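The values are calculated or read from the model by the stated rules, or taken from the named source; none is laboratory data. Note that the coordinates shown come from a computational prediction; the quantities given were computed from them, not determined experimentally. Here Cβ is always computed from backbone atoms with ideal geometry, including for glycine, and neighbour counts include all displayed protein chains.
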Amino acid sequence: MSFTLSHQAREIIAHEYLIKNDLAFECKTKHNSSFRDVSNGINVLFEDGLTNEQVIEAILYHDVANLIQNSFWSADAKMALLYSLAPEKMSFYKEDFRILVKPKVNQMVKFNAKSNRLELIQDIFIKLGINIKATRALPIQQTMDELVMNAQINAPKNSRLTYGRDSVLIAEMDEKLIAITVIDYYGTMDIKKFLKRIEGCLKLGRAEVINYGQGGAGLGGSIIYNHCDTIMLGCLGLRKTRVTSVIPYNIKEDKYDSIQKSICIIN
């Protein structure tokens, strides 16, 4: 299975959005392109064939906030979502903002630091109609577990608040994708540090990371990144953090190797 798109094909998709002359949106299809200033809008690098590590490096070291590639979640759908956010990025942080266009299942539950994580996840799986014990459910279960744990443990650890508002777990599912979102009301995520820890795991390997005592958030982040097609991150300092992972559903394990990953930072 290949999701490769030629430069010409990427240009055609990007052109559909750029001809609208929206000053809040900019898209480039070459890695060495420079972006104009879109002020509070969104710029997108629409690439192809980048490795998981190269995607992280582009975000960390090349002034790219949103890098998308064609994959199980199509590049066109990602572009449309980012374009819709460009005029009002704060919509991303709303509890009712949805990632998938027509989810057949859309569930939201609230939780706090004292909530039983296993029971919470089991409840969501029941509502999604997925057997939590199925092998293909493992990426979804592990992603939910890491995202909820981050909101229960890591987010309040760096906050002045004794406790914040209840966090929110949102699960959307269509025919081939599941979007898992956790919103917390601490706003303490350092996105660059989070990505650098994932980068460290990619370069060292998980076993070495554990051996060097550098697990924790880095290892958890690498689990989330390993399973995702796209990860979307945003943090409003000391107010709110949103992390969304879009995961292909019901595909064979070996198909994960064909995923072309995307990262979007909505700040």
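General remarks:
- The condition of being modelled with pLDDT of 95 or more and more than 23 Å from ALA171 (Cβ to Cβ) does not hold for ASP123.
- Matching residues, the range 231-267, being part of a loop (DSSP other than H, G, I, E, B), modelled with pLDDT under 95 and not hydrophobic (A, V, I, L, M, F, W, C): GLY237, ARG239, TYR249, ASN250, LYS252, ASN267
- Restricted to strands (runs of 3 or more DSSP E) entirely inside the range 8-69, those with at least 1 residues that are within 20 Å of LEU202 (Cβ to Cβ) and within 20 Å of the chain's Cα centre (by Cα) are 42-46, 66-68.
- In this structure, PRO139 does not satisfy being over 27 Å from ILE259 (Cβ atoms) and part of a helix (DSSP H, G or I).
- Of all residues in the range 105-129, those being surrounded by fewer than 14 Cβ atoms within 10 Å (Cβ to Cβ) and touching a strand residue (DSSP E or B) at 6+ places or on another chain (Cβ under 6 Å) number 1.
- Subset tally (residues that are in contact (Cβ under 8 Å) with a residue 12 or more places away in the chain and in a loop (DSSP other than H, G, I, E, B)) for the range 142-165: 7
- Matching residues, the range 196-230, being at pLDDT 95 or above, among the hydrophobic types (A, V, I, L, M, F, W, C) and out of contact with any helix residue (DSSP H, G or I) (no Cβ under 6 Å at 6 or more places or on another chain): CYS228
- Extreme residue, farthest from the chain's Cα centre (by Cα), among residues of the range 82-99 that are among the hydrophobic types (A, V, I, L, M, F, W, C) and surrounded by fewer than 19 Cβ atoms within 10 Å (Cβ to Cβ): MET90
- Scope the range 152-175; condition at pLDDT 95 or above and in contact with a strand residue (DSSP E or B) (Cβ under 7 Å, 6 or more places away or on another chain); matching residues: ASP166, SER167, VAL168, LEU169, ILE170, ALA171, GLU172, MET173
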